[in-house]
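Enquirer: What follows is a structure written as structure tokens; I'll ask about it next.
The values are calculated or read from the model by the stated rules, or taken from the named source; none is laboratory data. Small disclaimer: the values here were computed from a predicted structure and weren't measured. Here the Cβ positions follow ideal geometry from the backbone for every residue, glycine too, while neighbour counts run over all protein chains shown.
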Amino acid sequence: MDTLFGIPLPLFYGQLLLGLINGAFYAMLSLGLSVIFGLLGIVNLVHGALFMTGAFTAWILLDTFGLGFWWSLALAPLIVGAFGILIERLLLRHLYGLDHMYGLVLTLGLALVIEGAFRNKYGSGGLAYQIPDALRGATNLGFIVLPYYRGAVVGISLVVCLLTWALIEKTRLGARLRAATENAPMVQAFGINVPVLVTLTYGAGVALAACAGVLAAPIYSVNPQMGANLIIVVFAIVVIGGMGSIMGSVLSGFGFGVIEALTKVFYPQASSTVIFLCMVAVLLFRPSGLFGRRS
Amino acid sequence: MLEVRDLQAWYGDSHILHGVTFDIQEGEVVSLLGRNGAGKTTTMKSIMGLTPRRTGSVKFRGKELIDARTDQVARAGIAFCPEERAIFASLTVIENLLLPPRIGDGGLSLEAIYELFPNLRERAGGQGSKLSGGEQQMLAIARILRTGARLLLLDEPTEGLAPVIVHQIGRMIQSIRQRGFTIVLVEQNVRFAAAVADRHFIVEQGKVTDMIASGTGTLERLQASLRI
Ligand SMILES: Nc1ncnc2c1ncn2[C@@H]1O[C@H](COP(=O)(O)OP(=O)(O)OP(=O)(O)O)[C@@H](O)[C@H]1O
Ligand SMILES: [Mg+2]
């Protein structure tokens, strides 16, 4: 059997695939976090809980309304995004201009409340969600057996990330968003209703998290903790990529997924700390992150 | 066109404007002159609703704007070009130029803007932050000419610029006034203000204390009024 530094190649490729899949979730989550922090100045600690809410929404849509995976992929981001808009209108908007600590504490509290509510109703055991029929099975690529669904997750995530990037970097609306991130009062003085832009941006960031949650439902068990476990890592990724940088978040998301997986192969003991080592190293040499703009 | 009455403004606890009052007719170019810290910038910002708190009356074309949000003031037809120019570094030159939405008819076409500012055409694809100081000022003004706003508030458009560029901006102001724009200008450069504006308001400690119309010996009268 072929080996790489004494590691069997199939194991190596298997981990690499796992890394890309985790990276897909990291990328979609860090993208939303990064855009939200850039425009609102809010460290959105409720992001993980909203990702989890997306997964539960898919489960509930199926269980209660008989709506399958594809319906959920379209509806859950809308439903959870609308919930996000409510959070922004009712709670977050009172915190703009205050110290970041207020937003951090509020969103952490919200995350605990939401997770508690789901635990209360569904327990913490975890619920199973089936892979959609169209994506059952796997294909043998020669060097690795690729389950269709996992390939689709990476593909969908890439498409979603690229569309988001294009929306922000290449459209009039995106230019307004970037401008408001730099200097909101001036954008408002041009006649643009910045508060509406802020609300929609938060809703869209939350919808991205929910979309990731739906994609995650068939892979991980749907449980109230699934977001909390992810969010700390995703934060480190946003810091590494550079707060407010879109491409930075996506690249560091996928990149870190792969680094984490390779660490699992070569030095498993470090696989859960490697992200924080990366973060410290990046902050030492590039305090604004790998892709961050120096302010 | 614009009637400002007893305009007062605060930054937190500091009371900055103590009742600014002045009028501008359609098609006029007027200047606000005064020492550093007199409240000229604050006057412009509070017309736009950019100060945390303001009272009094700001009427534009008969419409009261004192309770309007900043974007509503802009939509009523007033555009503001700030002292620091506020070119967005993460936007290209053309994105900066197209950022302000059209709020009415009568704005300049992109072609007309490029005729006034040929440099911007060459720089269109570049990053806004890479422009020289003069080019940034031109972009900052060009940006608000497209929108259809008919009253322009320009805060120190010549600040820190080389004499040739100052001259170019003077010509540009003449050219846009011929197109019917109304302009309020804040200036440290009294000579420049005397040359381009029809009337001058002297701002002192958060109030308008004097009005001087251009005529013979304007510069001397302005200098006397400003005690410089
Ligand atoms: N953001 C702010 N917070 C608190 N005080 C401010 C703020 N901006 C201006 N001030 C104060 O308000 C007063 C008027 O400032 P303003 O900028 O309007 O003056 P100005 O006439 O434009 O002066 P300059 O010629 O220096 O531009 C000054 O005393 C200034 O210190
Ligand atoms: Mg000033």
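Enquirer: Applying the selection to segment B:77-89, what residues are among the small types (Gly, Ala, Ser), facing chain A (nearest Cβ under 9 Å) and in contact with a Leu (Cβ under 8 Å, 6 or more places away or on another chain)?
Expert: Residues of segment B:77-89 among the small types (Gly, Ala, Ser): B:77, B:79, B:86, B:89.
From what is left, the residues that are facing chain A (nearest Cβ under 9 Å) are B:79, B:86, B:89.
Scanning segment B:77-89 gives a single hit, B:Ala79.
Enquirer: Still on this structure, I have one more. Checking the conditions here, which among B:Ser46, B:Ser57, B:Ser14 is of a type outside the set (A, V, I, L, M) and within 13 Å of the chain's Cα centre (by Cα)? So that I can check it myself, show each step before the final result.
Expert: Working: B:Ser57 fails: within 13 Å of the chain's Cα centre (by Cα); B:Ser14 fails: within 13 Å of the chain's Cα centre (by Cα).
Exactly one residue qualifies, and that residue is B:Ser46.
Enquirer: Now for a separate question. What strands (runs of 3 or more DSSP E) lie completely within segment B:1-70 and have 1 or more residues being within 14 Å of another protein chain (Cβ to nearest Cβ) and more than 8 Å from ligand 1 (Cβ to nearest atom)?
Expert: Ranges flagged: B:53-60.
Enquirer: Still on this structure, I have one more. What's the number of the only condition in (1) of a type outside the set (S, T, N, Q); (2) modelled with pLDDT of 95 or more; (3) surrounded by fewer than 16 Cβ atoms within 10 Å (Cβ to Cβ) that B:Leu152 fails to meet?
Expert: (3)
Enquirer: Any idea which residue in segment B:144-185 is farthest from the other protein chains (Cβ to nearest Cβ), counting only those that are of a type in the set (D, E, K, R) and over 11 Å from the mean Cα position of the chain (by Cα)?
Expert: B:Arg171
Enquirer: Another question about this same structure. Do we find a residue being buried (at least 23 other Cβ atoms within 10 Å of the Cβ) and either of a type outside the set (Phe, Trp, Tyr) or modelled with pLDDT under 90 (or both) anywhere in segment B:159-169?
Expert: no
Enquirer: Checking B:Thr55 against (1) closer than 22 Å to B:Met211 by Cβ; (2) away from ligand 2 (no atom under 16 Å from the Cβ); (3) among the β-branched types (Val, Ile, Thr), which single condition isn't satisfied?
Expert: Here B:Thr55 clears every test but (1).
Enquirer: What are the residues in segment A:169-185 that are under 16 Å from A:Gly41 (Cβ atoms) and within 7 Å of chain B (Cβ to nearest Cβ), if any?
Expert: Initial filter on segment A:169-185 (under 16 Å from A:Gly41 (Cβ atoms)): A:177-185.
The answer is A:Arg178, A:Ala179, A:Glu182, A:Asn183, A:Pro185.
Enquirer: Determine which member of the set A:Phe256, A:Phe276, A:Phe291, A:Phe266 is touching a strand residue (DSSP E or B) at 6+ places or on another chain (Cβ under 8 Å) and farther than 30 Å from A:Leu62 by Cα.
Expert: From the options A:Phe256, A:Phe276, A:Phe291, A:Phe266, the qualifying one is A:Phe266.
Enquirer: Among the residues of segment A:12-68, which ones are among the polar types (S, T, N, Q) and either without any contact (Cβ under 8 Å) to a residue 24 or more places away in the chain or closer than 27 Å to A:Leu91 by Cα (or both)? So that I can check it myself, show each step before the final result.
Expert: Going residue by residue through segment A:12-68, those that are among the polar types (S, T, N, Q) are A:15, A:22, A:30, A:34, A:44, A:53, A:57, A:64.
Within segment A:12-68, A:Ser30, A:Ser34, A:Asn44, A:Thr53, A:Thr57, A:Thr64 qualify.
Enquirer: Of everything in segment B:19-45 that's farther than 17 Å from B:Gly77 by Cβ and either in contact with a Pro (Cβ under 9 Å, 6 or more places away or on another chain) or among the polar types (S, T, N, Q) (or both), which residue is farthest from ligand 2 (Cβ to nearest atom)?
Expert: Per the stated criteria, the residue is B:Thr21.
Enquirer: Something else about it: How many residues does segment A:187-225 hold that are in contact with a strand residue (DSSP E or B) (Cβ under 8 Å, 6 or more places away or on another chain) and within 14 Å of chain B (Cβ to nearest Cβ)?
Expert: Of the residues in segment A:187-225, 2 are in contact with a strand residue (DSSP E or B) (Cβ under 8 Å, 6 or more places away or on another chain) and within 14 Å of chain B (Cβ to nearest Cβ).
Enquirer: Just checking: which of the helices (runs of 4 or more DSSP H) contained wholly in segment B:92-135 hold 3 or more residues that are within 12 Å of another protein chain (Cβ to nearest Cβ)?
Expert: Answer list for segment B:92-135: B:93-98.
Enquirer: Taking the stated definitions as given, is A:Val113 of a type in the set (A, V, I, L, M) and exposed (fewer than 14 other Cβ atoms within 10 Å of the Cβ)?
Expert: So A:Val113 fits the description; yes.
Enquirer: If B:Arg199 meets every condition in (1) more than 24 Å from B:Ile103 (Cβ to Cβ); (2) more than 16 Å from the chain's Cα centre (by Cα); (3) of a type in the set (D, E, K, R) apart from one, which number is that one?
Expert: Only one criterion in (1) more than 24 Å from B:Ile103 (Cβ to Cβ); (2) more than 16 Å from the chain's Cα centre (by Cα); (3) of a type in the set (D, E, K, R) is unmet by B:Arg199, namely (2).
Enquirer: Just checking, how many residues over segment B:3-13 are more than 15 Å from ligand 2 (Cβ to nearest atom) and either farther than 22 Å from B:Phe181 by Cβ or in contact with a Gly (Cβ under 6 Å, 6 or more places away or on another chain) (or both)?
Expert: First, the residues of segment B:3-13 that are more than 15 Å from ligand 2 (Cβ to nearest atom): B:3-8, B:10, B:12-13.
Subsequent filtering for residues that are either farther than 22 Å from B:Phe181 by Cβ or in contact with a Gly (Cβ under 6 Å, 6 or more places away or on another chain) (or both) retains B:5-8, B:10, B:12-13.
Total meeting the criteria: 7.
Enquirer: Do the conditions hold for A:Ala180, that is, is it under 30 Å from B:Ser129 (Cα atoms) and in contact (Cβ under 8 Å) with a residue 24 or more places away in the chain?
Expert: Yes.
Enquirer: Right, next: Kindly list, by first and then second residue, each pair from a residue in segment B:201-228 that is in contact (Cβ under 8 Å) with a residue 60 or more places away in the chain and farther than 16 Å from B:Asn189 by Cα to a residue that is within 16 Å of ligand 2 (Cβ to nearest atom) and not hydroxyl-bearing (Ser, Thr, Tyr), limited to pairs with Cβ atoms under 6 Å and residues at least 6 apart or on different chains.
Expert: Going by the 6 Å Cβ cut-off, the qualifying pairs are B:Glu204/B:Gly34; B:Glu204/B:Ala38; B:Gly206/B:Ile16; B:Gly206/B:Leu17; B:Gly206/B:Gly39; B:Val208/B:Val20; B:Val208/B:Phe201; B:Met211/B:Phe201.
Enquirer: From B:Gln136, B:Gln168, grab the single residue that is over 17 Å from B:Glu83 (Cβ atoms) and not hydrophobic (A, V, I, L, M, F, W, C).
Expert: Numbers: B:Gln136 fails: over 17 Å from B:Glu83 (Cβ atoms).
Residue meeting the stated conditions: B:Gln168.
Enquirer: Cβ-Cβ below 6 Å, separation at least six or inter-chain, first residue in segment B:78-97 and within 21 Å of A:Lys170 (Cα to Cα), second within 16 Å of ligand 2 (Cβ to nearest atom) and modelled with pLDDT of 95 or more: which pairs?
Expert: Qualifying pairs under 6 Å: B:Ala86/A:Met186.
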